[in-house]
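The values are calculated or read from the model by the stated rules, or taken from the named source; none is laboratory data. Here the structure is a predicted model, which is why all the values come from computation and not from measurement. Note: ideal-geometry Cβ built from the backbone for every residue, glycine included; neighbour counts use all protein chains shown.
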Amino acid sequence: MTKKSIKLLVANPRGFCAGVERAIQIVEQAIQKFGAPVYVRHEIVHNRYVVEGLEKRGAIFVEELDEVPEGVPVVFSAHGVPKSVPTAAEARKLFYLDATCPLVSKVHREAERHHANGRHILLIGHTGHPEVIGTMGQLPEGSITLIEDCADIDTLPDFEPDQLAFVTQTTLSVDDTADIVLALRSQFPGIHGPKKEDICYATTNRQEAVKALLNECDLLLVVGAPNSSNSQRLAELARKSGKAGYLVERAEKINWSWFEGIKSIGLTAGASAPEVLVQEVIDAIHSRFHVTQSESVTCVENISFKLPRELTAA
């Protein structure tokens, strides 16, 4: 049977960002330096393949600190944690390593600065996301109000112009967040905010790369986990443009009926999806179709973050 011809356009940049790479390295090097087991509070990044790989090497993942026994190292995930978590670890004299992405930590410091200046903070983000829980947990309860969409702005009380500020989750839709910020500035002209929204470079770059792909493909595949916010946003971009967009964790999750009548496929990966899973999807597509493959490059990333001193000290 002759294979159907199809074009495959692969986005670049895609996949791991510097914050994810740093978080994974922290767990790997902690296991190497201190020996197994090393406990990790929450998934270190939102990807089961990564988590299961670390489990095989000696990482044990738990949801809460009280599940961590005495005398073993514990790592906090890349999404950040409320201040109550390191405080509790210190009270128990647990040795901990903080794998919070430095760009998330930057949002935490922004929120603290606004609070110190007497401002109420609006956090643009998604209810229940670990990063939102961590950011809201940097300050006393009631200091931050979560804003999920423009409709939430209408329910806000009147604030003094100079007593309000906003920060954002780092993994949001760039376009949706811009709309919310515009509405906030319209209603509260004196609101304080970052010079540039807090959405991280990797989230922004991957969304821009997908926008470029959508000009040339009929369907978009995003390699990533369903609980990965930045991966979900990439699939949403396709659907908002009127094209099919599907999020898949592995090649085995692909529904091949999606490709009926499709002449070109765009492929990308969320910031917590390893390249090995992208290649797995590429190989699966090649096994079923006669593929003309090319790469769409929108920018080159060269950012890296330092590891904690506890791991780099001799």
Kindly state which strands (runs of 3 or more DSSP E) lie completely within segment 13-81 and contain at least 2 residues that are at pLDDT 95 or above and crowded, with 20+ Cβ neighbours inside 10 Å. 38-41, 74-76
Among the residues that make up segment 258-269, is at least one of them modelled with pLDDT of 95 or more and under 19 Å from ARG48 (Cα atoms)? yes
Selection from segment 89-111 of residues closer than 20 Å to SER143 by Cβ and not basic (Lys, Arg) yields THR100, VAL104, SER105, VAL107, HIS108, GLU110, ALA111
With the condition being outside the structural domain of ARG22 (by TED's automatic domain parsing) and under 30 Å from HIS108 (Cα atoms), I'd like the helices (runs of 4 or more DSSP H) fully within segment 181-296 carrying at least 2 qualifying residues. 201-214, 229-240
Looking at ALA78, ALA89, ALA111, ALA59, which is the one that is within 30 Å of GLU160 (Cα to Cα) and touching a residue at least 24 places away in the same chain (Cβ under 8 Å)? ALA111
Only listed residue being farther than 24 Å from LEU234 by Cα and out of contact with any Gly (no Cβ under 9 Å at 6 or more places or on another chain), chosen from LEU139, LEU182: LEU139
In segment 1-12, residues that are touching a Phe, Trp or Tyr at 6+ places or on another chain (Cβ under 9 Å) and in a strand (DSSP E or B) total 3
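Looking at segment 151-173, which of its residues are closer than 19 Å to ALA235 by Cα and either touching a Lys or Arg at 6+ places or on another chain (Cβ under 6 Å) or surrounded by fewer than 19 Cβ atoms within 10 Å (Cβ to Cβ) (or both)? Break it down into steps so the answer makes sense when it comes.
At the first step, the residues of segment 151-173 found to be closer than 19 Å to ALA235 by Cα are 169-173.
Listed by number, the list holds a single entry, SER173.
Considering only residues that are touching a residue at least 40 places away in the same chain (Cβ under 8 Å) and not aliphatic (A, V, I, L, M), which ones fall in segment 177-190? Spell out the reasoning first.
Here is the first cut: in segment 177-190, the ones touching a residue at least 40 places away in the same chain (Cβ under 8 Å) are 177, 180-181, 184.
Across segment 177-190, the qualifying residue is only THR177.
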Please enumerate the residues belonging to segment 305-314 that are assigned to a loop (DSSP other than H, G, I, E, B) and loosely packed, with under 11 Cβ neighbours inside 10 Å. LYS306, ALA313, ALA314
Those residues of segment 252-273 which are out of contact with any Leu (no Cβ under 8 Å at 6 or more places or on another chain) and either within 23 Å of SER287 (Cβ to Cβ) or among the polar types (S, T, N, Q) (or both) amount to GLU252, LYS253, ASN255, TRP256, SER257, GLU260, GLY261, LYS263, SER272, ALA273
Restricted to segment 125-150 and to residues being touching a His at 6+ places or on another chain (Cβ under 6 Å) and part of a loop (DSSP other than H, G, I, E, B), the residue surrounded by the fewest Cβ atoms within 10 Å (Cβ to Cβ) is SER143
Any idea how many residues of segment 288-314 are among the polar types (S, T, N, Q) and over 18 Å from LEU219 (Cα atoms)? 4
